[in-house]
1. Of the conditions (1) in a helix (DSSP H, G or I); (2) more than 28 Å from E:Gln177 (Cα to Cα), D:Ala231 fails just one. Which one is it?
2. For region C:224-238, enumerate the residues that are among the β-branched types (Val, Ile, Thr) and more than 13 Å from C:Tyr194 (Cβ to Cβ).
3. Looking at (1) of a type in the set (A, V, I, L, M); (2) over 19 Å from the mean Cα position of the chain (by Cα); (3) under 30 Å from D:Ser227 (Cα atoms), find the lone condition where E:Leu230 falls short.
4. Could you please find all residues in region E:183-207 being under 17 Å from E:Ala135 (Cα atoms) and outside any strand (DSSP E or B)?
5. Determine which single condition B:Gln177 fails, assuming it passes every other condition in (1) in contact (Cβ under 8 Å) with a residue 40 or more places away in the chain; (2) closer than 21 Å to A:Glu223 by Cα; (3) surrounded by fewer than 17 Cβ atoms within 10 Å (Cβ to Cβ).
6. Do you know which of the residues in region C:127-140 that are under 20 Å from B:Tyr160 (Cβ atoms) and either surrounded by 18 or more Cβ atoms within 10 Å (Cβ to Cβ) or among the polar types (S, T, N, Q) (or both) is farthest from the other protein chains (Cβ to nearest Cβ)?
7. Just give me the residues in region A:88-124 being assigned to a loop (DSSP other than H, G, I, E, B) and more than 30 Å from B:Tyr40 (Cβ to Cβ), in sequence order.
8. From D:Glu237, D:Glu258, grab the single residue that is surrounded by fewer than 18 Cβ atoms within 10 Å (Cβ to Cβ), at negative phi and among the acidic types (Asp, Glu).
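The values are calculated or read from the model by the stated rules, or taken from the named source; none is laboratory data. For clarity, every value in this text was computed on a predicted model and none was experimentally measured. Methodologically, a virtual Cβ is constructed for each residue, glycine included, from the backbone with ideal geometry; neighbour enumeration extends over all protein chains shown.
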Amino acid sequence: MRSSISTLVRFVVLVCVVLVMVSAVGAADRDKLLTEPGVYGTFAAFRLDADWTKQDQLVRIAQLTILKGVIEQHREKLAIDVYLLRGLSDHADVLFRIHATELRETQQFLLDLQGSLFGKHLTDSTVFSGLTKKANYVPGMPDNLKAELKIPGEPGPNPYVIVIPIRKDADWWSLSQEQRAAMMQEHTEAALPYSKTVKRKLYHATGLDDLDFITYFETSRLEDFQSLILALEKVKEFRHNRRFGHPTLLGTVRSLDEIIEVLAQ
Amino acid sequence: MRSSISTLVRFVVLVCVVLVMVSAVGAADRDKLLTEPGVYGTFAAFRLDADWTKQDQLVRIAQLTILKGVIEQHREKLAIDVYLLRGLSDHADVLFRIHATELRETQQFLLDLQGSLFGKHLTDSTVFSGLTKKANYVPGMPDNLKAELKIPGEPGPNPYVIVIPIRKDADWWSLSQEQRAAMMQEHTEAALPYSKTVKRKLYHATGLDDLDFITYFETSRLEDFQSLILALEKVKEFRHNRRFGHPTLLGTVRSLDEIIEVLAQ
Amino acid sequence: MRSSISTLVRFVVLVCVVLVMVSAVGAADRDKLLTEPGVYGTFAAFRLDADWTKQDQLVRIAQLTILKGVIEQHREKLAIDVYLLRGLSDHADVLFRIHATELRETQQFLLDLQGSLFGKHLTDSTVFSGLTKKANYVPGMPDNLKAELKIPGEPGPNPYVIVIPIRKDADWWSLSQEQRAAMMQEHTEAALPYSKTVKRKLYHATGLDDLDFITYFETSRLEDFQSLILALEKVKEFRHNRRFGHPTLLGTVRSLDEIIEVLAQ
Amino acid sequence: MRSSISTLVRFVVLVCVVLVMVSAVGAADRDKLLTEPGVYGTFAAFRLDADWTKQDQLVRIAQLTILKGVIEQHREKLAIDVYLLRGLSDHADVLFRIHATELRETQQFLLDLQGSLFGKHLTDSTVFSGLTKKANYVPGMPDNLKAELKIPGEPGPNPYVIVIPIRKDADWWSLSQEQRAAMMQEHTEAALPYSKTVKRKLYHATGLDDLDFITYFETSRLEDFQSLILALEKVKEFRHNRRFGHPTLLGTVRSLDEIIEVLAQ
Amino acid sequence: MRSSISTLVRFVVLVCVVLVMVSAVGAADRDKLLTEPGVYGTFAAFRLDADWTKQDQLVRIAQLTILKGVIEQHREKLAIDVYLLRGLSDHADVLFRIHATELRETQQFLLDLQGSLFGKHLTDSTVFSGLTKKANYVPGMPDNLKAELKIPGEPGPNPYVIVIPIRKDADWWSLSQEQRAAMMQEHTEAALPYSKTVKRKLYHATGLDDLDFITYFETSRLEDFQSLILALEKVKEFRHNRRFGHPTLLGTVRSLDEIIEVLAQ
C-alpha cells in the first residue's frame, strides 16, 4: 500500500511540473472570448458514475490532477469555466462552460476530457452550444436605457449560476423584426432593475441543438434572480417560449481547485 | 465474522459519541426556518440502489449511523425533515426536506450526504427548491377569512405527506395583479374548510427549477386532503396550471430514527 | 449440492408451518374491503430483475414461499390480489392490488414485500392509489337503469384484468355538478350492455398520484371489454380525458399459487 | 473444450429429435388464424442483451435451438411469425407476431419464451395486441372498389415489414358512424393503387393497450409503401390520428431458420 | 504481455492484407449513390459503451481494424460515411450515413457491424432512414432561382455536419399541392443566400420512421448555417413542422482513418 501511495505522489508531482510548463505557454485571451460576439459557448454537464466514489482517494486525486492537466492544455485556445451542480440540480454533478472561436476546438477539448482517466467516470452528458452576437433586437431603444445597461454590476463573488435553455414558438419567428424588437424592449425594461445584482449572458443556439437561446445567469442574490424571472414571465415575449428550462441548471460558481477539492473528498 | 461485527459495533459506538458531541453544539432555529419568509426549501428525493439491501445488516446500521451524523453536523444551519416514500410513490424511497437561509448551505449538506458511505447508495435523485414568501396575493381578503386561516390545525400526528410541484401557464403571468388576486381569493375560500385537518406550505420555485410553485401538505386524514384537491381543481385558477404533479410525491412523515429502523431491516 | 437442497427443503417446510399458523390468525374482512366505500386501493406493478431467472430453481421456490408468508402476514388488515402481466403488458411482470382502510398499512406491506428476499428482485415499480366512494354522479338516474346495474355479472372465472388510469382535463372540473352528472349518465347508459360480462370497479385518485381515476376491469370476454371501451369513447365525457391509459395494464387474474408456479419455472 | 462441444452437439441433436416429434403433433390452422376475424394478433418486440453476443457460438446455437423448440410447442394453437428489426429499427432486434383465438394462449407462449435459456437474453420488450374484425366501416362502398380490393397482391417474397400503431383523437369517436364511414371510404380509395404491391392487415387495439389500431404492412417495394403512406396522410381521416407510429417498426420478413442463422453469427 | 502484443500486431497485419484484397474488388458507384434519386439514406448513430475505453489500446486498435474491414466488405454496394458527434452532441459518439439502393443491404451492413468485435461496444443506437427523390415541390420556380441553386458550393473541407429530422403536421398534408409548392418556393428563396457555404441534402422518411424528412447539412461556416436555419424559421412553411430536431445531431465530418485514430486514443 505504502509503495503504491508514494508512486502516486511522485506521479502527481510529475504532472504538476508538466502543468506549470504548459501554463507557461500562455492562456487564451480569456477576456476577449468572454466578451466579444462571434464566440461559441458550449455547456457540457456530466454526472459522475457510481465507480467514482468507490475508488481510493489517492486514485481520485491523481485523476483530478489529470483533469487539471487537460484543462491547462486547452487554455491557449479556450476559456473554460467549471460549476458545481451536485445537490442543487438532479441533472448533473459538474458543468463545464467552454468558449471558443471554433466549435471543433471545443470538441477536441471534450474528446480529451472524456478520454482521460477522469473522464471515463463522466456519464449522462448534456451538451448544448450557442453563439454570442451583438445585441440586435433593440435599435430604437432609448439612450437612458442603454446607459443603464452599461453600468457594471456590483463587485464581489457571484456564487450561484443558473442556465436556462429556451425555444421560441413558430409564431415568434413569423413576427416582423419590428414586432420582435418592441417585445424585446419591454423584456429589457422589465429586466433592468436586476441588472446590477444579476449578471446575464445570451447565446444563440438555433440549429446547433433543439433550442433557440441559452440564457446564463450569475448572482449572489438568488431572490433578485427569482424576481427577475418573475418579471420576465409577465411580459408579452414570454408567451412565445415553447420551452423554458428542461433542464434548468442551478449550481454554484467554483474555481477548478474548489471543484477538485470537493470531488476528491 | 465475529471480529468484524465487534469492530463494527465499536465503530457505531464511536460515531454515536461523536454525534452526541455534535448535537451539543446546538441546532438551527428550526422554528424560524420553518415559519419565516425568505427561507429556501429544498426537496431531495432518492432511491436506494440494488446494492443497499444486499449488504449485511450491520454494515447498513453503520452506514445509517453515519447518515445520522451528517444530519447532526448540519443541524446548526439547516432544518432537515425526512419522509418515507417507499411503497406509496414509485419515484423514490426517501425524501429529505431541507430549509436554509442560503442554498449553498443546502448544497453542502447534500454533498456531504451523497459523499458519505450511506449516500453512495442513493440514486435517481429528484431535487427542486423554492423560496418561502409572505402571502401576497390577497390584499383585499375579508378579515373573517384571514382569521379562519390563522386557527391552528388539529393537534396530533400527521402521518401522510404529499408534495405537488406546479407550473403556471403563460396566460397566468400575463394577467393583472388584481385578476390573479381575485382568483387566489376564490382558491383560498375553496381550501378553507380543510385548513384544520390538512396543513399546507407554499414555496416559490420560479427560476430555480422547471416549476413555479412547490405545494407541501401534511395530514392524518387523506380523505380530507383528496377533497381539498378536488375543491381546488374546480376553481378558475386551476385552469392556469400547465403542470400539476409529475411527480406527485406521497409518503409518510417519519422521524429520522424511524427511517433508520425501516432501512436497517 | 445435495445437502444444500435438503437444507432448502427443510427451510421451505418450516416456512409453510409458520404460514399455516399465521393463516390461522384470521384474514381481513376481504368482502368488506372489496365492496365498501372509503377503502384505499393501491396498484403496485413490478418487473422481475435479470438475476431472478439466473437463480437456482430451489432458491426461487424458497423466495416465493417467503412471498407467500409476507402476504399471509398482512391478510388480517389487507385484501391482496395478484395478477400476471408478463407477456401481455410490457410495463411489468406482476401486479398486486391491495385494499386497505389506511394507506400506511399498504405501505407497511409493500415495505415488507420489497425488503424480503423475493422483493429484492422486484424493480421498475409502478404504484398508484385511489379511494373507493359511493357512486355520486347520477342522482337523477332512472330506476330501471339502477336496477339493471345491480344484476350480478355472469358467474365463473374472469381470466383477464385491465387497469386504465385516467386524468380529466381542467374543463371537466370547471363544469357544474349537473353537467357532469348528465355526462356520466350518458356514460353509464353506454356501458350498460356490457355490465353482465365485464366487471368494473372505480377508484378516485385525485391528489394521491398524477391521476383522477383508476378504472379496473375483469372479464372472460375480451371482445366485450373492447366493445365497452369503444362505446365509452363515443360519449361526450370521453373528450374530457386528458390521459387515458399510459399505462394500460393488461394481464390475467391468477391465484397466488398460480403466480408462484409460473415464477418458479 | 472438446468434450463440452460434443456434449452440446449431442444436446442439439436430442432437441431436434424432440422437435420433430412435437411437429408431428400438428400445427394450428395457420390459414384460419391469419385470415379470419375474431383473432388476437400480438406484436412482441425485443432487444437482445449485451451478454448474448459475449457467449460462445455453440452456446448461442443451443439456445436458439431451444427457441425453435418453444415455437414448435405452441404451433398447435398459435400462428407465430418472426421478423428481423435489427439495423433498421432502433427499438428492437427481433419481432414476434402471434395470432391466437385467446390471448391467454399468447401469454403462455411468451412466458415460455421469456423463461427459456434464449429468452433470458430478451430485454426492453414492447408488446401490444389487437383483434381482427370484419371490415365494417364501408357499408356504402361501391362494388368496383370492393372488387379491386379482392384482387390478390403480386406473388413472390415480400421482404420488408412495417408496423405502425395508431391512436385516434376524441373528435374521431364523437363523429357519427356515417361521417367515419365517409372518411374511411376516402382513405380506402387513396390506398387502392398500392393494394397490389403493399399487403395490409388491420388490428383493433382499443382498450388492450394505449392504441386504437395496429396497422401491419408487408412489401417488396418500399417506395410504393412510402407513396401509400403519403397518400393516406393527405385524406381527412389522417387528421384524427393523435398518435401515428411511436414506434414505427421497420424490418425484414424472415423465416425462423434465417433469424436463427443471423443470431448465431 | 509482450507475446500478446506481437500476436495482436500480426493479427492487425493479417487483417490489413485481407482489406487490401477486399478493396481491390471495387467500391460501389459512390457518386451515383450520393447524387441520384431513389436511393435510401440511413443514419445510424451509436454511443460507445463504458467497456470500450477500459480495454487495452492494442485491443481497441485490433477492433477498429475489424471495423475498417466490415466497411470495406460492403463498399461494393453501399456508400458509407462516418462522423464524430462526441463532444458536440449528447445523443451519440459516432454517426454512420449509409446510402443504398435497397434497405436490406444497409441492414446487412449494420448486422455485420453490430456483430463484429467492435460493434459489441456500440449501444443506444438511433437509426432512421429516408429516400432521395427528384425535387418535386417547385414546378413553377423561376429559372434564375433554379440556375442559382445549380452553382456548386465553395470548394474545400466542410468540417461540420448537422442532421435535423422533421415531421410535418396534419395541416401540411391536407394543403393542396399548389399551396405546398408556393410555401416551398418561399422556403427555397430564403435558403438561397446560404447555398454556397452550406451544403444540403434531403431524404423523404414518411412511413419508414416517425418522421417525414431528414435534412442533412455540411458546412465549414457554422454561422452561415445558423443564419440559414433562422431564415427558414421565418417562412410560413416552418409553422407546419410538428417536430424539428429531437434530436439535432451536430458533429464533424471525418475520414474513417481519423475516426479510428480518435477512438484508438
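1. Going through (1) in a helix (DSSP H, G or I); (2) more than 28 Å from E:Gln177 (Cα to Cα) one by one, D:Ala231 breaks only (2).
2. Keep residues of region C:224-238 that are among the β-branched types (Val, Ile, Thr), which gives C:229, C:235.
Scanning region C:224-238 gives a single hit, C:Val235.
3. (3)
4. As a first pass, look at region E:183-207 and keep what is under 17 Å from E:Ala135 (Cα atoms): E:183-192, E:195, E:199-206.
Within region E:183-207, E:Met183, E:Met184, E:Gln185, E:Glu186, E:His187, E:Thr188, E:Glu189, E:Ala190, E:Ala191, E:Leu192, E:Ser195, E:Ala205 qualify.
5. Against the list (1) in contact (Cβ under 8 Å) with a residue 40 or more places away in the chain; (2) closer than 21 Å to A:Glu223 by Cα; (3) surrounded by fewer than 17 Cβ atoms within 10 Å (Cβ to Cβ), B:Gln177 comes up short only on (1).
6. Here is the first cut: in region C:127-140, the ones under 20 Å from B:Tyr160 (Cβ atoms) are C:127-133.
Remaining after also requiring either surrounded by 18 or more Cβ atoms within 10 Å (Cβ to Cβ) or among the polar types (S, T, N, Q) (or both): C:127-132.
Working: C:Val127: 4, C:Phe128: 8, C:Ser129: 7, C:Gly130: 9, C:Leu131: 6, C:Thr132: 11 Å.
Result: C:Thr132.
7. Applying the first criterion (assigned to a loop (DSSP other than H, G, I, E, B)) to region A:88-124 yields A:88, A:90-93, A:101-102, A:116-118.
The answer is A:Thr101, A:Glu102, A:Ser116, A:Leu117, A:Phe118.
8. Details: D:Glu237 fails: surrounded by fewer than 18 Cβ atoms within 10 Å (Cβ to Cβ).
Selected residue: D:Glu258, the only one of D:Glu237, D:Glu258 that is surrounded by fewer than 18 Cβ atoms within 10 Å (Cβ to Cβ), at negative phi and among the acidic types (Asp, Glu).
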